[in-house]
Amino acid sequence: MTMRILTVRQPWASLLVLGIKPIENRSHGSLFRGDLAILAAQTVDMSPRAREAFDRHMDEAVYPVISGLPRGGVIGAVELYDVVSEHPPSWWWTGPFGLLVRNARRTRETIPMRGALYTITPDEVTESRIRRSLEGEKS
């Protein structure tokens, strides 16, 4: 099955791959369903909402500051199983579209890669490298 790669700013990227954040808000929907690698962008979201999410959910013993989160590469994957334009009230939902995700897995290391504005399909070598690095995946 083909994987796609989605660029997400921190701390949202880490919250997704840790299985804490169940929805990724976007301005557009997607017809894709399946494994979605999460590429942590070079930039960090320093908005009050992002800082609150970081403070609430990140282990400060591991990540004492938001700028210390991994950036500039693939840090894990989730399964994109649905896209919605309406969602029950949730702290994570801001819309207008929500990518609903589950089965979060981290990579054993950050796999360096440049981000993209929309999802990208990796070549076979890159997809294989990501899959081999995912925790819980067979090598």
Exercise for the section: Please identify, among Pro70, Pro48, Pro22, the residue showing maximal mean-square fluctuation in a Gaussian network model of the chain using a 10 angstrom Cα cutoff. Expected result: Pro48
Fill in the blank from the handout: The rounded separation in angstrom of the Cα centers of segment 96-122 and segment 34-71 is 14
Practice task
Quick one: go through segment 5-20 and flag any residue whose amide nitrogen is under 16 Å from the point 7 Å out along the Cα-to-Cβ line of His28.
Solution key: 5-8
Completion exercise
Quick P(r) readout (segment 1-52; Cα-Cα; 5 Å bins; whole %) gives 4, 17, 27, 29, 14, 6, 1, 0
Completion exercise
Placing each pseudo-label 7 Å from Cα in the direction of the beta carbon, Thr121 and Thr2 end up separated by a distance in nanometres of 0.1
Exercise for the section: Specify the longest stretch of the chain that does not include any exposed loop site, a site being one of the trypsin sites (Lys or Arg not before Pro) with a non-H, G, I, E, B DSSP assignment and at most 11 other Cβ atoms within 10 Å. Expected result: 1-113
Fill in the blank from the handout: In whole µm²/s, the translational diffusion coefficient that Stokes-Einstein assigns to segment 4-133, given a Kirkwood hydrodynamic radius over C-alpha pairs, 10 °C and 1.306 mPa s, equals 108
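No lab work stands behind these numbers, since they all come straight from the coordinates. Just so we're clear, the structure is a prediction, and the values are computed from it rather than from any experiment. In this analysis, Cβ positions are derived from the backbone assuming ideal geometry, glycine residues included, and neighbour counts consider all displayed protein chains.
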